[in-house]
1. Which trypsin sites (Lys or Arg not before Pro) from the stretch 69-151 combine a DSSP loop assignment with at most 13 other Cβ atoms within 10 Å?
2. Please give the residues of the stretch 126-154, grouped as numeric ranges, whose backbone N is less than 13 Å from a label point set 7 Å along the Cα-to-Cβ vector of Glu42.
3. Long-range amide H contacts for Gly80: which residues qualify at under 5 Å (H placed 1.01 Å from N, peptide plane, sequence gap of 5 or more or a different chain)?
4. By its C-alpha gyration tensor, with a ≥ b ≥ c as the square roots of the eigenvalues, how is the stretch 61-154 shaped: rounded for a/c under 1.5, else prolate for a/b larger than b/c, else oblate?
5. Calculate, in nm to one decimal, what Asp123 and Thr150 gain on full extension: separation in residues at 0.36 nm each, minus their alpha carbon distance.
6. Can you give the FRET efficiency for Lys88 and Ser110, using 1/(1 + (r/R0)^6), R0 = 25 Å, r = Cβ-Cβ distance, to the nearest 0.05?
7. How large is ³J(HN,Hα) for each residue in the stretch 84-90, as worked out from phi by the Karplus curve 6.51 cos²θ - 1.76 cosθ + 1.60 (θ = phi - 60°), to whole Hz, x for Gly and Pro?
8. Dipole of the stretch 31-140, Cα-centred, from +1 at each Lys and Arg C-beta and -1 at each Asp and Glu C-beta, to the nearest 20 debye?
Amino acid sequence: MNMRAYYSIVLILLMGVTACDQPSTVAGAGLELLSLQVTSSEQVEFSAFNETLAMAGSKGEPWARDPVDIVRRFVHWGRGQEAVLLFKGEGESPSRYEFVAISNGFHDDSVRGERFDITLEADSRQTWRVTSATTSWRCWPGRGHQSYGTQPCS
């Protein structure tokens, strides 16, 4: 299939939620997290991760060839009760992907969730690397901002 643009919500996971048997509840929660405004974000250092990624690739580790697995490792997936991963790549075999990775429902008294915006690019040998990464977070109600931002939660 020839696609001009490829959009996909890869994972909408709601772990530990009692209404998991209701798909509309899961999809609705994922769409709600994706629709929250990002008021500010900060750069995330990724050079050390790229070194680890290059080493894994040279050893033939499968995760180093899979953009979704790369992002999941980069964001330390699984910290919250809810998670959404959205990505976009152009063409049949993209050499560049843009990801949004959101974890929500942290077991923390002030920070409710975190959002990462990540770009991956591959060279002609399909060796992937992170080329940009930013993060922002949101607070629990009564503890600060409900949109994604970089202001401290109280």
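1. Working: sites: Arg72, Arg73, Arg79, Lys88, Arg96, Arg112, Arg115, Arg125, Arg129, Arg138, Arg143; in loops: Arg79, Arg125, Arg143.
Qualifying residues, ordered by number: Arg125.
2. 134-138, 149-153
3. Those qualifying (amide H under 5 Å, at least 5 residues apart or on another chain) are Asn104.
4. Working: a/c = 3.03, a/b = 2.36, b/c = 1.28.
Verdict is prolate for the stretch 61-154.
5. Values: separation 27, 0.36 × 27 = 9.72 nm, distance 3.24 nm.
This chain segment gains 6.5 nm when fully extended.
6. After rounding to 0.05, the efficiency reads 0.20.
7. 9, 10, 10, 9, 9, x, 8
8. Details: 12 positive and 17 negative charges, 32 e Å.
Result for the stretch 31-140 is approximately 160 debye, rounded to the nearest 20.
Since every read-out is calculated from the coordinates, none of them should be taken as a lab result. Since the structure is predicted, the reported quantities are computational estimates derived from the model, not experimental observations. Glycine gets a Cβ as well: all are built from the backbone with ideal geometry, and neighbour counts include every protein chain shown.
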